[in-house]
Amino acid sequence: MANALLLPILACSLLAVMVSTAFAGNFNNDFDITWGDGRAKVLNNGQLLTLSLDKASGSGFQSKSEYLFGKIDMQLKLVPGNSAGTVTAYYLSSQGPTHDEIDFEFLGNLSGDPYTLHTNVFTQGKGNREMQFKLWFDPTKDFHTYSVIWNPQQIIFMVDGTPIRVFRNLETKGVAFPKSQAMRIYSSLWNADDWATRGGLIKTDWKNAPFIASYRSFNADACVWVAGRSRCPAARKMGGGGAGTWMDYRMDVTNQKRMLWVQSNYMIYNYCADRKRFPQGLPTECTVN
């Protein structure tokens, strides 16, 4: 099954890279550097952003705009070599104690070991919905596209156009869903050697500092929150984007099979399979088809 699906996955990955590049934003216009004392840099006339981490500090940025539903794409090239102890976080979040959040977190590794991609969803301040994956490529060698499709029906996590996880709207079953709080995009590179690599057993080797993660080809085909209202892009024909392409999007059979391929071969943790963690019963969303 893995070999049969690999070629279409790679073909869609190439298409995703091409599309996200064609509609790339500008980091000078779309983001603010929020911390790091100069460790975060916008380069190439706004086409490239780098975050840096050394023993004194990491760095981070956030989007100028807030969004309520959309398709968000970003290309990342992660810290190469021995990055154990470092975390590159890329996520959407609202603010406050009942915040919503959609997380990609990349946990660093020892040289030669694969990165761990950690995903999570918070609704009304409640998280604990972790799924973790190893990637089917080296994310430090080149840029790859990490995307979120967020509409009223579901949240889909995608890597190079391949869906890896879906969180469905199950409000009718009593499960909260992010649908009313606008979120900004955030990213940071920071030291988490107290937990990130093998539960904190492997510490950051500062001889390898500075650690650098790179970003390019940002695109938000999304509803922008302005003055208490959500303004959505008009649907555009011929696959050009707009709300018509993602507002009602649902995975077809091909994409469901691609997601199953990823989860069967590369998922290393699924909270919905962790009965020891939930001895009173798995969360509702885990048991509803």
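Summary table
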item: Search result, residues across the stretch 200-213 that are part of a strand (DSSP E or B) and either surrounded by fewer than 19 Cβ atoms within 10 Å (Cβ to Cβ) or aliphatic (A, V, I, L, M) (or both); result: ILE212, ALA213
item: Filtered residues of the stretch 63-120 (kept if of a type in the set (Lys, Arg) and under 15 Å from THR145 (Cβ atoms)); result: LYS71, LYS77
item: THR123, sole failed condition from (1) touching a strand residue (DSSP E or B) at 6+ places or on another chain (Cβ under 6 Å); (2) buried (at least 20 other Cβ atoms within 10 Å of the Cβ); (3) free of Cβ contacts under 8 Å to residues at least 60 places away in the same chain; (4) of a type outside the set (Lys, Arg); result: (1)
item: Total residues in the stretch 47-83, condition among the hydrophobic types (A, V, I, L, M, F, W, C), closer than 17 Å to PHE143 by Cβ and surrounded by fewer than 19 Cβ atoms within 10 Å (Cβ to Cβ); result: 1
item: The lone exception for PRO283 - which of (1) under 28 Å from SER94 (Cα atoms); (2) in contact with a strand residue (DSSP E or B) (Cβ under 7 Å, 6 or more places away or on another chain); (3) touching a residue at least 40 places away in the same chain (Cβ under 8 Å) it fails; result: (2)
item: Answer from LYS203, LYS134 - the residue that is touching a Phe, Trp or Tyr at 6+ places or on another chain (Cβ under 6 Å) and over 17 Å from CYS272 (Cα atoms); result: LYS134
item: Hits in the stretch 32-45 - residues which are of a type outside the set (Lys, Arg) and closer than 15 Å to LEU76 by Cα; result: ALA40, VAL42, LEU43
item: Residue within the stretch 274-289 that is polar (S, T, N, Q), surrounded by 13 or more Cβ atoms within 10 Å (Cβ to Cβ) and either at pLDDT 95 or above or out of contact with any Leu (no Cβ under 9 Å at 6 or more places or on another chain) (or both) present; result: no
item: Filter result (β-branched (Val, Ile, Thr) and surrounded by fewer than 23 Cβ atoms within 10 Å (Cβ to Cβ)) within the stretch 149-163; result: ILE155, THR162
item: Number of the condition not met by ASN45 [criteria: (1) out of contact with any strand residue (DSSP E or B) (no Cβ under 9 Å at 6 or more places or on another chain); (2) of a type outside the set (Val, Ile, Thr); (3) part of a loop (DSSP other than H, G, I, E, B)]; result: (3)
item: Some residue of the stretch 254-272 being assigned to a loop (DSSP other than H, G, I, E, B) and under 26 Å from THR116 (Cα atoms); result: no
item: Residues (buried (at least 16 other Cβ atoms within 10 Å of the Cβ) and of a type outside the set (D, E, K, R)) located in the stretch 252-267; result: ASN255, MET259, TRP261, VAL262, TYR266, MET267
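For (1) at pLDDT 90 or above; (2) within 28 Å of SER59 (Cβ to Cβ); (3) over 20 Å from the mean Cα position of the chain (by Cα); (4) acidic (Asp, Glu), each residue gets a yes or a no:
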{"site": "LEU189", "(1), (2), (3), (4)": "yes, yes, no, no"}
{"site": "ALA192", "(1), (2), (3), (4)": "no, yes, no, no"}
{"site": "LYS203", "(1), (2), (3), (4)": "no, yes, yes, no"}
{"site": "ASN208", "(1), (2), (3), (4)": "yes, yes, yes, no"}
{"site": "ARG231", "(1), (2), (3), (4)": "yes, no, yes, no"}
{"site": "ARG236", "(1), (2), (3), (4)": "no, no, yes, no"}
{"site": "GLY244", "(1), (2), (3), (4)": "no, no, yes, no"}
{"site": "MET251", "(1), (2), (3), (4)": "yes, no, no, no"}
{"site": "MET267", "(1), (2), (3), (4)": "yes, no, no, no"}
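The values are calculated or read from the model by the stated rules, or taken from the named source; none is laboratory data. All figures in this text were calculated on a predicted structure; none of them were measured in a lab. Every residue, glycine as well, gets a Cβ built from its backbone with ideal geometry; the counts of neighbours run over all protein chains shown.
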